[in-house]
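Here, each number is a calculation from the coordinates, and none is a lab measurement. The shown structure was predicted, so the numbers you read here are calculated from the model rather than taken from an experiment. Methodologically, a virtual Cβ is constructed for each residue, glycine included, from the backbone with ideal geometry; neighbour enumeration extends over all protein chains shown.
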Amino acid sequence: MHSHVWLTVISFNSMVAFLPVAAVMLVAKPAFWPHALSIFAGILAGFVNLQGGENQLTVLIMIAFPFFLGFSQTEKAWRWALLTGVWVPLSELVRAGITDQGRLSFESASIVLVMGFPILGTYAGVLLRRLAQKQIPALPSDTDKN
């Protein structure tokens, strides 16, 4: 089988295998959902990156998912950038191991720079959340009605 076919099979099946693992983890600990979503988005970005062609979809995934996660959970937001962004460089390492007989090119090594996209997305979400909280007045609680 050609090395690119193996690469596709491995990367696609990694995404498929993650779903039941995530399901079991979510049953045991429902608060794990943002972590699971971030990891899945990262694996998806790595898969899309390996398919070659244009990188716009990879970049969109690496900005959008961390953006929404950063907006929804601002505490320790760096997690969303890390959990999403690490998969594209890892996919490049797998590609180098399967197709280039273990040699990394400068282009493959520079893929680490793509970590800037999930960082940008995450902290844009955090910033938007903080701006939104300043704009929305606090809602009255039930105890204020008495």
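Annotation note: Cβ proximity below 8 Å between a residue of region 8-25 that is closer than 18 Å to T99 by Cα and a residue that is hydroxyl-bearing (S, T, Y) (sequence gap 6+ or interchain) occurs for S11/S91. Filtering region 25-72 down to residues that are surrounded by fewer than 20 Cβ atoms within 10 Å (Cβ to Cβ) and of a type in the set (S, T, N, Q), which residue is farthest from I10 (Cα to Cα)? Checked region 25-72; the qualifying residue farthest from I10 (Cα to Cα) is S72. When V86, V5, V21 are checked against the criterion of being under 14 Å from V114 (Cα atoms) and not polar (S, T, N, Q), a single residue qualifies: V86. Selection of first residues in region 58-82 that are within 13 Å of L120 (Cβ to Cβ) and of second residues that are among the charged types (D, E, K, R), restricted to Cβ pairs under 6 Å at least 6 apart or on distinct chains, gives an empty result.
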